[in-house]
2 protein chains.
Amino acid sequence: MGQVVGVIGAGQLARMMLPPAIELDIDLRVFAAGRGESADRAVTEVGDMHVLEEVLAFARGVDVVTFDHEHVPQDVLRGLVDAGVAVRPGPHALQYAQDKLLMRRRLAELGIPIPEWAEVRDEAELQAFIDANGGVAVLKTPRGGYDGKGVRIVRSGAEGADWFEAGEPLLVEERVDFRRELAQLVARRPSGEIALWPIVETVQRDGVCAEVLAPAPGAEGADDRLGYVAATIAQSVALGLDVTGVLAVELFETTDQRILVNELAMRPHNSGHWTIDGSTTSQFEQHLRAVLDLPLGDTGMTAPHAVMVNVLGGPQEGSYGDRYERAMHAHPDAKIHSYGKSARPGRKVGHVTVAGPELDDVAYRARAAAAAFDDDSTV
Amino acid sequence: MGQVVGVIGAGQLARMMLPPAIELDIDLRVFAAGRGESADRAVTEVGDMHVLEEVLAFARGVDVVTFDHEHVPQDVLRGLVDAGVAVRPGPHALQYAQDKLLMRRRLAELGIPIPEWAEVRDEAELQAFIDANGGVAVLKTPRGGYDGKGVRIVRSGAEGADWFEAGEPLLVEERVDFRRELAQLVARRPSGEIALWPIVETVQRDGVCAEVLAPAPGAEGADDRLGYVAATIAQSVALGLDVTGVLAVELFETTDQRILVNELAMRPHNSGHWTIDGSTTSQFEQHLRAVLDLPLGDTGMTAPHAVMVNVLGGPQEGSYGDRYERAMHAHPDAKIHSYGKSARPGRKVGHVTVAGPELDDVAYRARAAAAAFDDDSTV
């Protein structure tokens, strides 16, 4: 096709954009902080994303700039736009993914269901929120958190003391009594078209996504209330925040059947990795289509169920090379994805997806295939 | 995973090996005759495949050498093996794909059903074969033919005169009265494991593959005779010729219900492009697994039917850029694959695959999506 997409950040999300880029003949170029990252094969420029000139040099000759993460500073994003570069999602949308206080305020304005929340500036304000919300709350740094970092359960104002030292306001939220976590993935192109995948259930362990069930159990029917509510919310967020590209809306399903927005990610997201093998159009292909303002692809599932299980680094560092053969041998039906990263403990180094007609069977096989990557001692 | 596969030849087959190589973290390196070919993104060495030293320089540091085509000379292949390089498929297997006379002789020895054939050295021998086979025959140059080149229908010995001038024997075969053409794709790893995809129907136009229906209509059932016969033939060929990697066995289904072997390709093949979107394991991923002697993946279909239609260059040369948007808009369910090639008339520049539950519907949509790439005048 010949269009050029520039991706800032060279992690596994940029890496997984490369296969669909090759199939569609999109020239994918990656701006990296250094060599040897997950998307190294597509890196065309190494530089500092905090320096506008370096990002501008990368952006010359690309049709659109997009992202592997949300950490590019606003002044750089706005500098790109001022220089005439198409940036998708744009700085105005990305600010809500970069600052959880801004995000909560904007979602509240839009009337989107979210947990009780407040901006707190000191221990007294935090204590007041805790007292008003049953003696417990979730304290978050508005910026820089991911995979459970920057999030803390608190039962007194004093437990926020170290974070208040930075002099910045914090976000506090009610501790939601949730039945499970869900995610709704949506893609939107600048000219307006929107596509939604089925709602999924995400299972977290130690604050990190462990597995994803697609569709969310109980949400299989086309007339499902859960799917309808989640789709409506995700569309409202995409429109209300003017997000382009893929947007992941992480949700709580509360014990009293409410759906509340937890987090937002304005890029392909771990909750959508299953789409590579379980949907006609993967989130990575869709993101490329969306940021290029091309017609979006069909988001139907290729099988009734798909389950994705993350592969994390184990207690020992080192290569997972010999474990691939074991996983392939035992699970010829599992789709194995490796991010080409060294296996530090707890680090996401790959994932496995199995698709098929029966949820229990598919989930069992996906978990077993992922377990084949564990240390020998734990198999 | 970290293994290194070196591919000689930088066409679309090498290109389509790259996405699964990325997902499995296989380092794919391509040896090309020049820059700008379809698999350019993965080229690590430019050289002349007829010069052993140049190919050896490429092969240093790779775990296995494999191919985008069958045209690497035997002396170079054997030089690689002598230097300790793993070459898959090996020279002994590849000679049968390189020389149709050797292939016919070997298949006859193995008792595999093939058309009537003879080696002919002059017009008189050709005339004798024609006379013995109903006054018509198919004359083939043993080497260098593909996509209808090097093949000619003849009704007299004199019609082979120009080809005999080269002084080499030719292959003559009966003109098979066939109902349709089929293909059986198989993968085999050096340690012996074999995997077969469902048998497919291939539709040729002007000697070039136009579309592929998977499975071949009428061969949907697990107890199907056609599939069983084709599978048995393909396994016999893979074993008898010691092929490793993917092998495509092109077949005739005759009007009297016989299955005869037409051609062999010892690499991923146009008849298997549908597997990218229609099978749990694509032929490109499987080829990488097989040549690395890794466990093979599941070859089941992800939908009851898949239809692949080739996109060929039209009367006008030039970029197909604006036609992608048209195809994507009208056919969000079509999987579009571009080879990044300029669109010379009749040249394969991409393909489209649609998968789904009903053959008629799937075929209609795949053809319509491919037609969206035709010149405006013909839409």
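Points worth noting:
- The range B:364-374, residues that are surrounded by fewer than 20 Cβ atoms within 10 Å (Cβ to Cβ) and either touching a His at 6+ places or on another chain (Cβ under 8 Å) or in the same structural domain as residue B:212 (by TED's automatic domain parsing) (or both): B:368
- Hits in the range B:39-56 (condition: part of a helix (DSSP H, G or I), of a type in the set (D, E, K, R) and without any contact (Cβ under 8 Å) to a residue 60 or more places away in the chain): B:41, B:53, B:54
- Listed conditions (1) basic (Lys, Arg); (2) in contact with an Asp or Glu (Cβ under 9 Å, 6 or more places away or on another chain); (3) under 24 Å from residue B:249 (Cα atoms) are all met by residue B:106, apart from (2).
- So residue A:361, is it modelled with pLDDT under 95, surrounded by fewer than 21 Cβ atoms within 10 Å (Cβ to Cβ), more than 9 Å from every other protein chain (Cβ to nearest Cβ) and on the phi < 0 side of the Ramachandran plot: no
- Scanning the range B:332-350 for residues that are under 19 Å from residue A:26 (Cβ atoms) and more than 10 Å from chain A (Cβ to nearest Cβ) turns up B:342, B:343.
- One residue stands out in the range A:1-16 among those that are at the interface with chain B (Cβ under 10 Å from one of its Cβ atoms) and among the hydrophobic types (A, V, I, L, M, F, W, C): the one that is farthest from the chain's Cα centre (by Cα), namely A:1.
- Residues being closer than 15 Å to residue A:184 by Cα and assigned to a loop (DSSP other than H, G, I, E, B) - total across the range A:196-221: 9
- The residue that is surrounded by the fewest Cβ atoms within 10 Å (Cβ to Cβ), counting only those in the range A:78-110 that are under 20 Å from the mean Cα position of the chain (by Cα) and of a type in the set (A, V, I, L, M, F, W, C), is A:102.
- Taking every residue in the range B:260-273 that is touching a residue at least 60 places away in the same chain (Cβ under 8 Å) and in the same structural domain as residue B:12 (by TED's automatic domain parsing) and pairing it with any residue that is among the hydroxyl-bearing types (Ser, Thr, Tyr) and surrounded by 23 or more Cβ atoms within 10 Å (Cβ to Cβ), at least 6 positions away or on another chain, yields no pair with a Cβ-Cβ distance below 7 Å.
- Test result for residue B:39, away from every other protein chain (no Cβ under 14 Å) and of a type in the set (Gly, Ala, Ser): no
- Between B:239, B:247, the distinction of being buried (at least 21 other Cβ atoms within 10 Å of the Cβ) and modelled with pLDDT of 95 or more belongs to B:247 only.
- From the options A:212, A:261, A:237, residue that is of a type in the set (A, V, I, L, M), more than 18 Å from residue A:106 (Cα to Cα) and under 17 Å from the mean Cα position of the chain (by Cα): A:212
- For residue B:155, the conditions (1) at pLDDT 95 or above; (2) touching an Asp or Glu at 6+ places or on another chain (Cβ under 7 Å) are fulfilled apart from (2).
The values are calculated or read from the model by the stated rules, or taken from the named source; none is laboratory data. Worth saying up front: this structure is predicted, and the values here are computed from it rather than measured. Positions of Cβ are generated from backbone atoms using ideal geometry, with glycine treated the same way; all protein chains shown enter the neighbour counts.
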